[in-house]
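The structure under discussion appears below in the form of C-alpha cells.
The values are calculated or read from the model by the stated rules, or taken from the named source; none is laboratory data. Treat the numbers as computed from the prediction; the structure is a model and nothing was measured. Because the Cβ atoms are built from the backbone with ideal geometry, glycine has one as well, and the counts that use them run over all protein chains shown. Areas reflect the complete protein model, heavy atoms only, side chains present, ligands, DNA and RNA absent. Shrake-Rupley method; radii C 1.70, N 1.55, O 1.52, S 1.80 Å.
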Amino acid sequence: MRKSLASAGLLALLSSGGAFAQECTDPVQITWSTIAGFYTDAMASFVKSFEDANCAKVTVVNIDNSQLYNKQVIEMVGQTGAYDVVTLETAEKAEFAENGFIRPMTAFFADKQDLLNDVSPTLRAMTVEYKGDVWGLPYYTYSAGMFVRQDLLDDPTEKEAFKAKYGYELAAPTTWEQHRDIAEFFTRKQGDMLKGQPLDKDFYGVGLMAGPFPEIQDEMSAMIWGMGSDWLNAEGKVPVDDVEKAMDMYLRLMPFAPPAALTVTYDGVMNQMKDCQIAMTAGFFLDQWPNAVKTEENCPGATMAAIEAPLKKAYVGGFLLAVSSSSANPEMAEKFVAHIGGPEIQQQFAEMGGASTLTSVLTNPMFATPEKRATNGQYATLNQVFESMAGFSSNLFKTPFGAKIYNTMQIPLQSAASGQISAREAAEQLAADVEKICGGPCPIAN
C-alpha cells in the first residue's frame, strides 16, 4: 500500500465535516510536510474535520519520499518555520530530536496517556521515544512480517516431496535455515511440476529487495536482529562478524530469487508475487498485504498468508508526526499530531486499508471478518509482531547519526548482493563507513 488507494467514498464521507463545524473567522495556520502518495492522499482527507473542530487551516506539502529528509533538514537547520509538522522515518527521529529540530511532546501527553499507551510499546520505542521524551505519534506503520503462498505449503504432493528431500515437514519457516530450504525447494524451471501442474514460466522460491534502494537493510534487519545482534552494538560500533553472518544468510537466498531481485524494491517483489513468480518473501512490509492478496485473483488456486518472519524478529518502524521547534503555532500543531495519530482518524484510516499504528484498531474485531480480509488481513499478524518483539529497540534508532547511517548502508550490502564484494568485505566497509559518519564510535542513547 505504498501506492494510492482509491477512496472516493471516504472523501465523500469526510467532505461534510459538519458535525464539528464552528464559527471560524481567523483560522490558525499550520503546514504539514509529508510524503506524496497514498500516505498523504489518505491523511489529507482527514484534515477538514480537524480544521472545522479547531478553527485551523492546514496546508499539506506533498514531497517525494526520496527528497523529504533533505528538504526537511534544510528548513530545520534554517529555523525557517516553513513546516509546523514534519514527517520522519524511524531512523531520523534521534537526529531531529538531538539537534533541536523538533519539540518534545512529553508534557502534551501527560494527561493523554491512554492515547500514547494505545501505541504498542515496541512501536513506541522505535518511532516515538528518545532520551526519556516523547516526540510525537506515528500515523502509519510499515513494520514487517512475511508473506507466503499458503497453498504451496499445504499441498500434499509438495509436502511429501519436501519431507523426502529435507527430512522434516513443509510448513511456515521458523528459522532462516528452514526459509532457505523452502526457497530452494520451490525454485523450478518452466515445464517443471508445481502442485501437480506444469509451469508455463520459471518459478522462484523467494522474492528479495536487493535493488539500489534502502529496503535491503530493512529486509536484512530481520536476520541480524533474529541472531540477537544489531547493526550497532552497545559501544556504537558495527559488529562486523555478525553483519557478515547476516550477509551470508542473505546471499544464500539470492540463487532462489528472480534475476530482477538486483533491480527491485518492495513494489517489484509484490509484482513478482502477483505475477505468480515467487513462493514467499523474506522479512517484508506488512502494509503491502492489500497488494499481496491480489495474488489470489491472478494465480489459480493461490492462497496468501501474512505470518511472522523466522525467529519472530523483523523490521519495526513507522512514519512519525513531530512538531517543528520553529513552528509559529506549536500548540495547534500538537493538536494536529494527536488528531491524525488518534483513534478516530486511525479507525477511519484502517477502513481504507491503511496500516494503523494503534493496538485498539489492530485488534478491533470488525477488521478480523472475512469481508475485511482483502484490506486488513494482516492486522492480527502485525499486532503479533509487536508483541513478539516486546522489549526490543535497535541502537540504529538511538543514535543521532541513524539517518545518515541508514542512507549509507545499502551501498556495501547491495555490492555484496550483486557479487561485487564478499560478505566480509561488505561488513568491513559498513563498519568503516559508520565510523567515518560518527567520527569514531557512535553515541547511543540509553
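Things to note:
- Considering the stretch 281-295, the residues that are part of a helix (DSSP H, G or I) and touching an Asp or Glu at 6+ places or on another chain (Cβ under 9 Å) include one that is farthest from residue 97 (Cα to Cα), namely 295.
- Summed over the stretch 276-316, the residues that are closer than 23 Å to residue 193 by Cα, in contact (Cβ under 8 Å) with a residue 24 or more places away in the chain and open to solvent by 40 Å² or more (accessible area, probe 1.4 Å) give a count of 4.
- Selection count where residues are out of contact with any helix residue (DSSP H, G or I) (no Cβ under 7 Å at 6 or more places or on another chain), under 10 Å from residue 33 (Cβ atoms) and open to solvent by 40 Å² or more (accessible area, probe 1.4 Å), scope the stretch 62-76: 2
- Hits in the stretch 77-126 (condition: touching an Asp or Glu at 6+ places or on another chain (Cβ under 7 Å) and surrounded by 24 or more Cβ atoms within 10 Å (Cβ to Cβ)): 83, 105
- Filtered by the rule that a residue be surrounded by 12 or more Cβ atoms within 10 Å (Cβ to Cβ) and assigned to a strand (DSSP E or B), the stretch 166-202 gives 188, 193, 194.
Here is a yes/no grid of residues against (1) outside the structural domain of residue 359 (by TED's automatic domain parsing); (2) over 17 Å from residue 319 (Cβ atoms); (3) in contact (Cβ under 8 Å) with a residue 40 or more places away in the chain; (4) not in a loop (DSSP other than H, G, I, E, B):
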site: 73; (1), (2), (3), (4): no, no, no, yes
site: 94; (1), (2), (3), (4): no, no, yes, yes
site: 104; (1), (2), (3), (4): no, yes, no, no
site: 122; (1), (2), (3), (4): no, no, yes, yes
site: 125; (1), (2), (3), (4): no, no, yes, yes
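- Positions within the stretch 212-231 being touching a Leu at 6+ places or on another chain (Cβ under 6 Å) and outside any helix (DSSP H, G or I), in sequence order: 231
- When residue 149 is tested against (1) at pLDDT 95 or above; (2) touching a strand residue (DSSP E or B) at 6+ places or on another chain (Cβ under 7 Å); (3) closer than 30 Å to residue 72 by Cβ; (4) surrounded by 14 or more Cβ atoms within 10 Å (Cβ to Cβ), only condition (3) is not met.
- Boolean, residue 266 is over 21 Å from residue 395 (Cα atoms), within 15 Å of the chain's Cα centre (by Cα) and among the hydroxyl-bearing types (Ser, Thr, Tyr): yes
- All positions within the stretch 41-56 that are closer than 21 Å to residue 335 by Cβ and buried (at least 17 other Cβ atoms within 10 Å of the Cβ): 42, 43, 45, 46, 47, 48, 49, 50, 51, 52, 54, 56
- Close pairs from the stretch 154-165: first loosely packed, with under 14 Cβ neighbours inside 10 Å, partner acidic (Asp, Glu), Cβ under 7 Å, at least 6 apart: 163/169
- Close pairs (6 angstrom Cβ cut-off, 6 or more residues apart or separate chains): over 23 Å from residue 314 (Cβ atoms) and of a type outside the set (Val, Ile, Thr) in the stretch 168-196, part of a strand (DSSP E or B) and open to solvent by 40 Å² or more (accessible area, probe 1.4 Å) anywhere: 191/198
- Leading residue by the ranking (least open to solvent (accessible area, probe 1.4 Å)) among those in the stretch 366-400 that are within 20 Å of residue 221 (Cα to Cα) and among the charged types (D, E, K, R): 398
- Residue 257 passes every criterion in (1) touching a strand residue (DSSP E or B) at 6+ places or on another chain (Cβ under 9 Å); (2) more than 26 Å from residue 381 (Cα to Cα); (3) open to solvent by less than 20 Å² (accessible area, probe 1.4 Å); (4) aliphatic (A, V, I, L, M) apart from (2).
- Of all the residues in the stretch 16-35, those that are among the aliphatic types (A, V, I, L, M), open to solvent by 50 Å² or more (accessible area, probe 1.4 Å) and at pLDDT 75 or above number 0.
- Within the stretch 238-250, being in contact with a helix residue (DSSP H, G or I) (Cβ under 7 Å, 6 or more places away or on another chain) and under 17 Å from residue 432 (Cα atoms) holds for 238, 240, 242, 243, 244, 247.
- Where helices (runs of 4 or more DSSP H) fall entirely within the stretch 309-401, those with at least 2 residues that are more than 19 Å from the chain's Cα centre (by Cα) and farther than 19 Å from residue 284 by Cα are at 330-341, 343-351.
- The conditions of being open to solvent by less than 10 Å² (accessible area, probe 1.4 Å) and either among the basic types (Lys, Arg) or touching a strand residue (DSSP E or B) at 6+ places or on another chain (Cβ under 7 Å) (or both) are not met by residue 59.
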